[in-house]
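J.: One structure is given below, represented as structure tokens, and several questions about it will come after.
Each reported figure results from applying straightforward, stated rules to the coordinates on display, with no laboratory input. Everything quoted here is computed from the prediction, not taken from an experiment. Note that each Cβ is placed from the backbone with ideal geometry, even for glycine, and that neighbours are counted across all protein chains shown.
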Amino acid sequence: MLKGRDIVSISDLSIEEIERIFEVARKMVPVARGEMKNENLRGHILANLFFEPSTRTRLSFETAMLRLGGSILDFSNPSATSIAKGETLADTVRMVDSYSDVIVIRHPYEGAARLAAEFAENPVINAGDGAGQHPTQTLLDMFTMVEEVGRINGLNIALIGDLKYGRTAHSLAIALDRMGAKIHLVSPPTLTMPTHILRRMNQKPAVHEKLEDIVDLADVFYVTRIQKERFPDPTEYIRVAGSYKITGKVVEKMKDSAIIMHPLPRVDEISPEVDNMPQARYFKQAFYGIPIRMALLSLVLGVE
Amino acid sequence: MLKGRDIVSISDLSIEEIERIFEVARKMVPVARGEMKNENLRGHILANLFFEPSTRTRLSFETAMLRLGGSILDFSNPSATSIAKGETLADTVRMVDSYSDVIVIRHPYEGAARLAAEFAENPVINAGDGAGQHPTQTLLDMFTMVEEVGRINGLNIALIGDLKYGRTAHSLAIALDRMGAKIHLVSPPTLTMPTHILRRMNQKPAVHEKLEDIVDLADVFYVTRIQKERFPDPTEYIRVAGSYKITGKVVEKMKDSAIIMHPLPRVDEISPEVDNMPQARYFKQAFYGIPIRMALLSLVLGVE
Amino acid sequence: MLKGRDIVSISDLSIEEIERIFEVARKMVPVARGEMKNENLRGHILANLFFEPSTRTRLSFETAMLRLGGSILDFSNPSATSIAKGETLADTVRMVDSYSDVIVIRHPYEGAARLAAEFAENPVINAGDGAGQHPTQTLLDMFTMVEEVGRINGLNIALIGDLKYGRTAHSLAIALDRMGAKIHLVSPPTLTMPTHILRRMNQKPAVHEKLEDIVDLADVFYVTRIQKERFPDPTEYIRVAGSYKITGKVVEKMKDSAIIMHPLPRVDEISPEVDNMPQARYFKQAFYGIPIRMALLSLVLGVE
């Protein structure tokens, strides 16, 4: 049902389509682990068109393609390229489109992925466009909850940290709300979720200032980074960031069945001692990015 | 007939060999489009040895190799390498030669590709060496004319823009003249074709200063970029560049059967409104770079 | 016997294991040359995790993997990545580990490869960590001697040049001594082999200041680069470096059966006229890096 489709925004996908992606991703897990072979995408070329660096995302698409026998065309250093000569995005996309079967685009400006999709004949997958969307991140986050907790509907999900500037939290809040989750927003008063995001949610989320408020309630703790640059005063930053830090002591107050997620890379938000506690799922979450992208590539290329 | 051969200059190829390359390229078109599979080059390694960036050329060789099941070794950032430690070109070529089956070299200095070919045992393909040759560009340009107009012999072909510094126009003029085309040179007086190129042509080309002179006559309009840096006075640049610009109005005066080509990337030389007019073939021309390079790689590796 | 093993230091390998690696490498030679096909590693992914550039090493691992039908994930520009955001080595390794089947790591700090091996579930191969080890270089150097001279035990092997700072010479001296070679150290007085390396050798090596002392005695001349930066006075550098230079005249004094090696890239240490003399084996030595790495990858991935 997704053959030939562009994946620009998570909102472009129906709940039925999201569930289909998860179903295919589930079958891809042993292939992603290298335990089972699958060469469905052999002979197909994925072009990585990255106008800003994002190694983690780029490599996870590469791994997904390689695990299915496909090939990669790497267009990830635009400063040294035609762009520097003044070529338009449309012309660059047309070139890359005629060299490949599917384009994965990352761009600093919101709307760039949608524009690329208009000029490319082949499917375009948005790997993040500025303050806009990053739909494969949202899909892998939701897939992690489904696989590790069992469902999304009815869960108490805490989004923690910088909810103002963090793109990840915005799309995720809207998508989880649509899937029937109860959202809890936990952030400093200066970094709360913007109104234009809140307005797009069906259920009004609960708002908390302290992690303690929901520590024994939440099923999912989705931690995001608070950037130092957001605070004029470094002492203030240390105080605020520290109050949202997930330490071993915080984890001990959580439910046994709760899970901790993080889009990674993390810096100080989660202490290393948490890594070996049963609630830690952020490395597994990162791994789930592979089967999700394998599923998506298979489906848009019509070879699932 | 081309097995094991170095492709350094278009002049190294006989007309018979060029026609053989076109014949193979024609069969490669559906494979290049991803519509048909062909794994002739599986197990073969192409080394991209790029001493200056040229994303479009590098990626089109990569696509050509990948579409035939081959692999890529990317040596395209020499500043961060042995070169920086003072290694000679000969030693670098010997290393890359022992790691791969065919070398594609791009170098800022004329003659570098010939030198590389001397030190490598495997075939070397020149992907542009300074003011020197770029034979695969010339081949794809000629292939575009043959496929899109039907022949080269007897055509009126206008080379437009910077004919003084533009390497592309130099090799192309000589090659097209040899294939029996009638060449028209259209450039500002300060950017005319150098005498050493004219001397190598059998037929004296017609020289024009204005695009209007040949707008209803030419079968092929080959447009090249006029670089701002060539003009001491920016106002003069705008006036001159503007007078060679291909707009919708200019295209309306062309023959219906005429085609417009450009080596890309374009900046301002062709208006976007031309993109959807039937004469526009520059994106198709860029695509033809893939089957031409597939044909060349197959032939020099002897697995066609 | 090496399945699943990390290869961090040459000292981790028993003599029996080294001989097994050589045996497999010997069978890989025609595959490395592209004369025979072998797709043993098809479906496997090697991640190149290079925290500092080393094109020669990176490309030789890539070639080794590609020649066996495997794929490459290139993580070789860490400045533009998660590292820049403050991610720890452990977290980066965990990510790359979940994306691939084997990690090749290059790092400026000694001990980094050992640390990576602790955090990765898949095998880790050290491709050089600061002043530490570079075991695949040591293996290919020894393999060259075995293939080109016939044995290591009992050979007179001269290590020439900068023996103080040159990491290559350190590991090699210890490994060759263990294999029963007689080591001769030839260096300027300011660049002699450090005591902590000498202490780890069973047999006391002979120490020479002049190349002449051993020119008609040595079976192997292992030449390393003397870096200009080591000398406060440029004139002194020229005088010293010149006195260790291998010229045609020097080679004429060598035994016919002697071989000349160099880890490459070379600058001035060996004159170009030596390249075609029968003793020159440095290009062959560079080539042997491919079958050695093919053997190692096959063995640690358990698919030999």
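J.: Calculate one ³J(HN,Hα) per residue across region B:121-126 by plugging θ = phi - 60° into the Karplus curve 6.51 cos²θ - 1.76 cosθ + 1.60, and present them in order as whole Hz with x for glycine and proline.
T.: 7, 7, x, 10, 10, 6
J.: Where the eigenvalues come from the Cα gyration tensor of region C:170-268, what are the semi-axes √(5λ) of the equivalent ellipsoid, largest first, in whole Å?
T.: The answer is 22, 19, 12 Å, longest axis first.
J.: Identify which of B:THR138, B:THR168, B:THR55 has the largest mean-square fluctuation in a Gaussian network model of chain B, with springs joining Cα atoms closer than 10 Å.
T.: B:THR55
J.: Follow-up question, since we're still on this one. Enumerate by residue number the trypsin sites (Lys or Arg not before Pro) in region C:81-155 meeting two conditions: DSSP loop (anything except H, G, I, E, B), and at most 14 other Cβ atoms within 10 Å of the site's Cβ.
T.: Passing sites in region C:81-155 are C:ARG151.
J.: Apply 1/(1 + (r/R0)^6) to the Cβ-Cβ distance of C:ARG33 and C:ASN156, taking R0 = 30 Å, and write down the FRET efficiency to the nearest 0.05.
T.: Efficiency at R0 = 30 Å is approximately 0.45.
J.: When only Cα pairs under 8 Å and 6 or more residues apart are kept, what is the percent relative contact order across chain A? Mind dumping the intermediate values first?
T.: Numbers: 557 pairs, mean separation 64.6, N = 304.
So the answer I get is 21 percent.
J.: Moving to a separate point now. Only Cα pairs within less than 10 Å get springs; with that Gaussian network setup on chain C, which residue of C:GLU19, C:GLU209, C:GLU229 has the largest fluctuation?
T.: The residue with the greatest mean-square fluctuation here is C:GLU229.
J.: Which residues in region C:211-226 place their backbone N less than 11 Å from a point set 7 Å from the Cα of C:ARG239 along the Cα-to-Cβ direction?
T.: None, by backbone N distance to the label point.
J.: Would you please state which residues of region B:116-151 a label at B:LYS284 would reach in this model, taking the label point 7 Å out along Cα→Cβ and a backbone N cut-off of under 11 Å?
T.: Correct set: B:144-150.
J.: Another question, then. Tell me, what is the FRET efficiency for A:HIS196 and A:GLN227 to the nearest 0.05, using R0 = 25 angstrom and their Cβ-Cβ distance as r?
T.: It comes to 0.75.
J.: Also, I was wondering about something else. For A:GLY4, which inter-copy label distances result when the label point lies 7 Å beyond Cα on the Cα-to-Cβ vector, reported in nm to one decimal and in ascending order?
T.: Nearest first, the other copies' label points are 4.9, 4.9 nm away.
J.: At 7 Å along Cα-to-Cβ for each site, give me the label-to-label distance between B:ALA131 and A:LYS249 in nm.
T.: It is 7.4 nm.
J.: Another one. Would you list, by chain and number, the lysines whose Cα falls below 18 Å from the Cα of C:LYS253, excluding same-chain residues fewer than 8 positions away?
T.: List returned: C:LYS210, C:LYS245.
J.: Here is a follow-up. Between B:GLU118 and A:LYS164, what's the calculated FRET efficiency when r is the beta-carbon distance and R0 is 51 Å? Round to 0.05.
T.: Details: r = 62 Å, r/R0 = 1.21.
Calculated value: 0.25.
J.: With a 10 Å cut-off between alpha carbons and a GNM built on chain C, which of C:ALA181, C:ALA64, C:ALA206 moves the most?
T.: Of C:ALA181, C:ALA64, C:ALA206, the most mobile in the Gaussian network model is C:ALA206.
J.: When a footprinting reagent is the concern and you count Cβ atoms within 10 Å, what order do B:SER11, B:SER76 take, fewest first?
T.: Going from sparsest to densest Cβ surroundings: B:SER11, B:SER76.
J.: While we're on this one: Mind checking which lysines have their Cα closer than 20 Å to the Cα of B:LYS204? Skip sequence neighbours fewer than 8 apart in that chain.
T.: Cross-link targets: B:LYS164, B:LYS182.
J.: Tell me, what are the semi-axes, in whole angstrom and largest first, of the equivalent ellipsoid of chain A as set by the roots of 5 times the Cα gyration tensor eigenvalues? Don't skip to the end; give the middle numbers.
T.: Details: eigenvalues 216, 100, 62 Å².
Over the Cα atoms of chain A, the semi-axes work out to 33, 22, 18 Å.
J.: Could you work out the helix-only [θ] at 222 nm for the protein assembly as shown, with each DSSP H run of four or more residues adding -39,500 (n - 2.57) and the total divided by the number of residues, to the nearest 500 deg cm²/dmol?
T.: Result for the protein assembly as shown, helices only: -11500 deg cm²/dmol.
J.: So how far apart, in nm, are the two label points at A:MET1 and C:SER257 if each is 7 Å from Cα heading toward Cβ?
T.: The two pseudo-label positions are separated by 7.6 nm.
J.: What distance in nm lies between label points placed 7 Å from Cα along the C-beta direction at B:GLU273 and A:GLN203?
T.: 5.4
J.: Taking every Cα atom in the protein assembly as shown, find the radius of gyration and the maximum pairwise distance Dmax, and write them in Å.
T.: Cα-based Rg and Dmax for the protein assembly as shown come out at 30.4, 88 Å.
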